[in-house]
Amino acid sequence: MADIVVKRELESEDGELSLKVKKRKVISDNVGEEGEPECQKILSGFKTSSVLSDYTREKRIFIHGTLADQDAVVIMEKTPFREDDLAEFFSNSTLKLDMKNDIYSTYKLRAPPHLNEIKTTVVCPATKKHLNKYKRQESFLVEETKTDYESITLPFIEKQNTFSLQWVYNILQKKAEVERIVYEDPDPDTGFMLLPDFKWDQKQVDDLYLIAIVHPMNIKSLRDLTAEHIPLLKNIWQKGQAAILERYSLPANKLRVYLHYQPSYYHLHIHFTNLGYDTPGCGVDRAHLLSDVIQALVSALLQ
Ligand code: M7G
């Protein structure tokens, strides 16, 4: 299905209301990891089929291939510089001269391998949906009314055409990523788990990216939100920001807190990112600030 994006329009459950929903500091080491992760060579058997997309400015590439005869997607991304590493960078790297002209000279710098890591994500087995998600493709911006949602989007979600939520359930049931949890509120109605998004390598706060996954199991997306969810959203807003301030010393006014519509995964979750970092997907076509969503629901309640 082509991307469907709701822009500045959201109807309430009863369809009467149209809410306006407009929508370097260095962390010493990977927080919460159990010691040095084991070095693995699983990618030595990866056979490339095609490059799905390649973003030269972001230094990110999405590759489709096979791993042990299973479809796989490998995402590689060069990581930001860490101020703490600079001294070692300069003392332990070698330089190969490219050109020199007057006061200008350019080089190829060969850094020690541990300062030159590439963040790599492997999805295996990857489904057709993953290939479509990561393939560079033309997007369309459409207005999705309540009727469109009920007649097109909801049946699409219910036919399980969307991504599996197994990874979400694993987190909520503490079967995966347990050591990465930054904050948890176990309340079944207003509670959530806050943990690093897998897009963030947790090396520096500059590109901080966490997600809050809600405990209630029946909220697919922003579309399902009503006034009854205001306590849940306010709880995530307040406790999420407090937990990030405590753990990463990043204050609320340096955070971009938002929901995606459409999301890729239809179990409500909220993105917390560093305001100074241009996260993929933080544009107005897809990101809806949590504060705006709460405000819209409160206004609807007062009317
Ligand atoms: P989304 O708005 O549903 O879709 O966000 P998007 O992926 O198009 O942004 C889901 C978020 O969950 C994304 O930011 C993903 O990077 C993140 N995410 C996805 N998976 C499969 C995992 C995972 O296994 N663990 C963690 N920690 N984050 C994930």
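Note down all Cβ pairs under 9 Å where the first residue falls in the range 165-180 and is hydroxyl-bearing (Ser, Thr, Tyr), the second is more than 11 Å from the ligand (Cβ to nearest atom) and at pLDDT 95 or above, and they're at least six residues apart or on different chains.
Sorted first by the residue in the range 165-180, then by its partner, the pairs are Tyr169/Lys175; Tyr169/Met217.
Listed here are the residues, each with its yes/no results for (1) open to solvent by 80 Å² or more (accessible area, probe 1.4 Å); (2) hydrophobic (A, V, I, L, M, F, W, C); (3) touching a Cys at 6+ places or on another chain (Cβ under 8 Å).
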{"site": "Glu88", "(1), (2), (3)": "no, no, no"}
{"site": "Thr94", "(1), (2), (3)": "yes, no, no"}
{"site": "Asp102", "(1), (2), (3)": "yes, no, no"}
{"site": "Ser105", "(1), (2), (3)": "no, no, no"}
{"site": "His114", "(1), (2), (3)": "yes, no, no"}
{"site": "Glu117", "(1), (2), (3)": "yes, no, no"}
{"site": "Thr120", "(1), (2), (3)": "no, no, no"}
{"site": "Cys124", "(1), (2), (3)": "no, yes, no"}
{"site": "Thr127", "(1), (2), (3)": "no, no, no"}
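Spot the failing condition for Ala212; the list is (1) open to solvent by 10 Å² or more (accessible area, probe 1.4 Å); (2) within 16 Å of the ligand (Cβ to nearest atom), and only one is missed.
(1)
Report yes if Asp189 is over 16 Å from Ile171 (Cα atoms), open to solvent by less than 40 Å² (accessible area, probe 1.4 Å) and either part of a loop (DSSP other than H, G, I, E, B) or modelled with pLDDT under 95 (or both), otherwise no. Before the answer, list the steps.
Details: over 16 Å from Ile171 (Cα atoms): yes; open to solvent by less than 40 Å² (accessible area, probe 1.4 Å): no; either part of a loop (DSSP other than H, G, I, E, B) or modelled with pLDDT under 95 (or both): yes.
Criteria not met by Asp189.
Taking the conditions exactly as written (modelled with pLDDT of 95 or more, closer than 25 Å to Thr79 by Cβ and within 16 Å of the ligand (Cβ to nearest atom)), does Leu225 satisfy them or not?
no
Report yes if some residue within the range 154-170 is modelled with pLDDT of 95 or more, within 12 Å of the ligand (Cβ to nearest atom), assigned to a loop (DSSP other than H, G, I, E, B) and open to solvent by 80 Å² or more (accessible area, probe 1.4 Å); otherwise report no.
No, that holds for no residue.
Tell me which residues, restricted to the range 202-234, are out of contact with any strand residue (DSSP E or B) (no Cβ under 7 Å at 6 or more places or on another chain) and in a helix (DSSP H, G or I).
Arg223, Asp224, Ala227, Glu228, His229, Ile230, Pro231, Leu233, Lys234
Restricting to the range 237-281, name every residue that is near the ligand (Cβ under 10 Å from one of its atoms), among the polar types (S, T, N, Q) and under 13 Å from the mean Cα position of the chain (by Cα).
Correct list: Ser264, Thr273, Thr279.
The values are calculated or read from the model by the stated rules, or taken from the named source; none is laboratory data. Given the structure is predicted, the values throughout are model-derived calculations rather than measurements. Every residue, glycine as well, gets a Cβ built from its backbone with ideal geometry; the counts of neighbours run over all protein chains shown. With ligands, DNA and RNA removed, areas are computed over all heavy atoms of the protein, side chains included. Shrake-Rupley method; radii C 1.70, N 1.55, O 1.52, S 1.80 Å.
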